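*Asks:* Quick one: the structure is below, questions incoming.
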Amino acid sequence: MKRYLVEPGKKIVLAERNPNDTRAFEGGKEKGLKVLQELNLELQALQEVLYAEQKHRVLVVLQAMDTGGKDGAIRRVFEGVNPQGVKVASFKVPTPEEMAHDFLWRVHKVVPGDGDLVIFNRSHYEDVLVVRVHEYVPKSVWKKRYDQINEFEKLLAENGTTILKFFLHIDKDEQKERLQARLDDPSKHWKFRLGDLEERKLWDQYQEAYEDVFNKTSTEYAPWYIVPANRKWYRDLVISTVLVNTLKDLKMKYPESEENLDGVVIE
Ligand code: AMP
Ligand code: MG
């Protein structure tokens, strides 16, 4: 999965990344879905120890263009995990109260505590993406945010938070198909906003803004992965693999009882 990692300090060109790529997995979709199932069981087990141990904090950031598959990835990758230790935080257009604070205020409030795994469905990165593309704040303001974000993530990392950031990379044709599918299915109309068509017109500006995000904010302590996401099974497989491997590396253990349980008999 190293090939999808944005190496800190190394400039990437988004157009050179193939959203159809399925290279890292030989077996094709059918086999891929089986492996995904196995990874899902592993993730469930790892999350249980994470919750029991109350030592580590895990933050998963998901960003994508509209229809990129954030909702689907959350549903599939985290299927079956214990809701007690897992939370999803979704970031929408800021409320007046949020607007009256610095852009990280609403974010810091919902970062994971000990034993928690928190998934960000959109994130503080919107403040250098949608905000930049629409010039909601002047350049002099958003320009400073990359450093502010790096400092913020460093603070989290130095305080026991493992951070993984995933960009679900689809292409413009795939977005067209997915928007059309939403339009054709009344049960998906709630997800379709006419505004999405206006955003689509800004595709190139968004790609450019994303490129800056990767080139400025992929760090050792909070790396970005650019996940080929035209194929949903492969997208989920990449995210699951990175997540499971990262959690394994934490070498988590179930805590021992603080009491001596030797010879305890239950009457
Ligand atoms: P959705 O994720 O489809 O429910 O849409 C949420 C919307 O909120 C998207 O259009 C985002 O671009 C927008 N959004 C999220 N964060 C911000 C922000 N900081 N400033 C402006 N718009 C935002
Ligand atoms: Mg939407």
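*Asks:* Residue by residue through the range 82-126, note down the ones that are within 13 Å of ligand 1 (Cβ to nearest atom), assigned to a loop (DSSP other than H, G, I, E, B), surrounded by 15 or more Cβ atoms within 10 Å (Cβ to Cβ) and not basic (Lys, Arg).
*Replies:* Phe91, Pro94, Phe103, Leu104, Ser123
*Asks:* Quick check on my filter: what residues within the range 127-174 are of a type in the set (Val, Ile, Thr), in a helix (DSSP H, G or I) and crowded, with 20+ Cβ neighbours inside 10 Å?
*Replies:* Val128, Ile149
*Asks:* Also, quick follow-up: If you scan the range 44-74, which residues turn out to be in contact with a Phe, Trp or Tyr (Cβ under 6 Å, 6 or more places away or on another chain) and small (Gly, Ala, Ser)?
*Replies:* Ala52
*Asks:* Return the residue satisfying two criteria in turn: it lies in the range 22-40 and is in contact (Cβ under 8 Å) with a residue 60 or more places away in the chain and not hydrophobic (A, V, I, L, M, F, W, C), and of such residues it is farthest from Leu247 (Cα to Cα).
*Replies:* Lys29
*Asks:* Return the residues of the range 178-210 that are of a type in the set (A, V, I, L, M, F, W, C), within 13 Å of ligand 2 (Cβ to nearest atom) and touching a residue at least 60 places away in the same chain (Cβ under 8 Å); say none if nothing qualifies.
*Replies:* Result: Leu179, single match.
*Asks:* How many residues are loosely packed, with under 11 Cβ neighbours inside 10 Å, closer than 21 Å to Lys172 by Cα and touching a helix residue (DSSP H, G or I) at 6+ places or on another chain (Cβ under 9 Å) when one looks only at the range 1-22?
*Replies:* Number of matching residues: 2.
*Asks:* May I ask you to list pairs of residues, at least six apart or on different chains, whose Cβ atoms are under 7 Å apart, with the first in the range 70-84 being touching a residue at least 40 places away in the same chain (Cβ under 8 Å) and closer than 20 Å to Gly32 by Cα and the second being away from ligand 1 (no atom under 16 Å from the Cβ) and of a type in the set (D, E, K, R)?
*Replies:* Once the first residue is touching a residue at least 40 places away in the same chain (Cβ under 8 Å) and closer than 20 Å to Gly32 by Cα and sits in the range 70-84, its partners that are away from ligand 1 (no atom under 16 Å from the Cβ) and of a type in the set (D, E, K, R) give Gly72/Lys232; Ala73/Arg235; Ala73/Asp236; Arg76/Asp236; Val77/Asp236.
*Asks:* Consider Arg231 against the criteria (1) farther than 29 Å from Val110 by Cβ; (2) within 16 Å of ligand 2 (Cβ to nearest atom): it satisfies all of them except one. Which criterion is unmet?
*Replies:* Exception for Arg231: condition (2).
*Asks:* For the range 63-99, name all the residues that are among the aliphatic types (A, V, I, L, M), in contact with a helix residue (DSSP H, G or I) (Cβ under 7 Å, 6 or more places away or on another chain) and within 13 Å of ligand 2 (Cβ to nearest atom).
*Replies:* Within the range 63-99, Ala64, Met65 qualify.
*Asks:* Would you be able to tell me the number of residues in the range 160-192 that are under 20 Å from Tyr125 (Cβ atoms) and within 16 Å of ligand 1 (Cβ to nearest atom)?
*Replies:* Number satisfying all stated conditions: 6.
*Asks:* Further question: Residues in the range 40-71 that are within 30 Å of Gln180 (Cβ to Cβ) and surrounded by fewer than 16 Cβ atoms within 10 Å (Cβ to Cβ): how many?
*Replies:* Residues in the range 40-71 being within 30 Å of Gln180 (Cβ to Cβ) and surrounded by fewer than 16 Cβ atoms within 10 Å (Cβ to Cβ): 1 in total.
Bear in mind that the values in this text are calculations on the coordinates, not laboratory data. Computed from a predicted model, the values in this text were never measured in an experiment. Here the Cβ is made from the backbone with ideal geometry for all residues, glycine too, and neighbour counts use every protein chain on show.
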